1. Could you give the length gained on full extension between L334 and C348, defined as 0.36 nm per residue of separation minus the Cα-Cα distance, in nm?
2. Work out, step by step, the length gained on full extension between L88 and E232: first 0.36 nm times the residue separation, then minus their alpha carbon distance; give nm to one decimal.
3. Quick check on my link table: of K77/K145; K252/K307; K213/K268; K145/K184; K8/K145; K58/K154, which ones sit more than 20 Å apart, alpha carbon to alpha carbon?
4. Round to the nearest 10 and give me the degree value, 0 to 90, for the angle of helix 193-203's Cα axis relative to the longest principal axis of the chain.
5. Only four residue types carry charge here, +1 at the Cβ of Lys and Arg and -1 at the Cβ of Asp and Glu. Report the dipole size of segment 58-187 about the Cα centre in Debye, rounded to the nearest 20.
6. Where the only charges are on Cβ atoms (+1 Lys, Arg; -1 Asp, Glu), what is the dipole of segment 271-337 about its Cα centre, to the nearest 20 debye?
7. Would you please give the FRET efficiency between R117 and E306, computed as 1/(1 + (r/R0)^6) with r the Cβ-Cβ distance and R0 = 35 Å, to the nearest 0.05?
8. Using only the alpha carbon atoms of the chain, find the Kirkwood hydrodynamic radius as the inverse mean reciprocal pair distance, in angstroms to one decimal.
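The values are calculated or read from the model by the stated rules, or taken from the named source; none is laboratory data. Here the structure is a predicted model, which means the values were calculated and not measured. All Cβ positions, glycine included, derive from the backbone under ideal geometry; neighbour counts span all protein chains shown. For accessibility, only protein heavy atoms count, side chains too; no ligands or nucleic acids. Shrake-Rupley method; radii C 1.70, N 1.55, O 1.52, S 1.80 Å.
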Amino acid sequence: MHFLVQTKPFKDEALESYLLRLTRDNAYADYHELADIIWQSLVECDHELEGAFPLDLKTANLHHASQSSRFRVRAFKLVAQWAALASLELIRLSWLRSNTQFGHLTALIRDQLLIPRMLLRGNYVPICSECLKEESYFPYYWHLKPYKACHKHKVQLQSHCAECGELIDYRASEQFSQCSCGAKLKTMAPASEADIAVSEGLSGADAHRLVGKLTWFACQYGHDIEQANFNEAFIKYFNQWPDNFFSELDEKASRAREKQLRPFNHTKFNSVFGDVIKVSKVAAPNVLRTNVIVDSLLDFLCDLVEKNPKQKHPNIADLLLNSLDAATLVGTTLEQVFRLYQEGQLTCSERLNKNERLQPDRCIFYLRQVVELAQSQGRYVGDFKNQFITPW
């Protein structure tokens, strides 16, 4: 099988957009008809590929594959061959599952851009009618929740039809410039400076840095990314960074001193500062040691330890951390933290039995020791996590 019209994808095009253009260029009635023909052709080529090609445009991306993605990969390679494309071209356009995470959040990757899955829109995709007039395709960044304004035309993306009020989704209507009700879509509203700034970042080369910050801000303060004022709040917050972040942590530390009920060397770090360390991990992929939020947090904690030197009576620098938080601050793995404990570089607040397993959520490491260890190990050098060398 070969397509009569061999449609070429745009570099920043979404997979669903390309498949819809392939349908239209080859004069099929709709995507379902194209998918049926591809399905039959795939089975003729390879019986294992029955059901590997998606019949629903909304679930076309590889990360939607319900069982094994490898069959869909094989199917996409064949379809690319029929469209006279490089064998991995459709896979390059797809959002793929990644075994890397942003903290506790799962991630997707598209052509070297790694994002938390929570940033991907689900039930609608807004449009810029001016862009569609110039080139009739949907770029992948229109699928990202924080992308709310066209960075080229400085207008707000249109998310609802002016006629019927329904959410716009070209994957359901199979129309680029029309709603499913038949109404023409036209972008009119000018965009805010904050929305334009975020959109420029998401469509540019530094998008990989911005997605982590956006995710952290949403998780740390409980914001809904799809709220109209989210980007404005985000820009305003990071215009004062890191002073505002340090002020919040200082306030929590002062409150802990005022309401102290137990000695600080018997008090959990999370009971004073909350989940700030855990949430800070979502600002960057777990495999990387470079995380602007963790780095700023560590700056604050280093200053806290310096201002509260070790004394006869415990102070706020003697709070207790669990293994997960210790690993985050030192920039290493749980296995390495356990090794540091075995070698005596980290002291436990409780005596462990000889064969007792160290639980990741058990608060037994002193904040002071962890911070000093992080300072002694060149925390900021390189991109990947610290791998400590044995003393022998």
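1. Details: separation 14, 0.36 × 14 = 5.04 nm, distance 1.48 nm.
Taking L334 through C348 to full extension adds about 3.6 nm, to one decimal.
2. On the way: separation 144, 0.36 × 144 = 51.84 nm, distance 3.82 nm.
My answer for the length gained is 48.0 nm.
3. Working: K77/K145 29 Å; K252/K307 16 Å; K213/K268 26 Å; K145/K184 23 Å; K8/K145 27 Å; K58/K154 28 Å.
The pairs that break the limit, which is 20 Å between Cα atoms, are K77/K145; K213/K268; K145/K184; K8/K145; K58/K154.
4. For helix 193-203, the angle is close to 80 degrees.
5. Details: 18 positive and 9 negative charges, 85 e Å.
Using Cβ point charges on Lys, Arg, Asp and Glu, segment 58-187 gives about 420 debye.
6. Numbers: 6 positive and 8 negative charges, 19 e Å.
Value, rounded to 20: 100 debye.
7. Working: r = 39 Å, r/R0 = 1.11.
Using R0 = 35 Å, I get an efficiency of 0.35.
8. Details: mean 1/r = 0.0418 Å⁻¹.
One decimal place: 23.9 Å for the Kirkwood radius.
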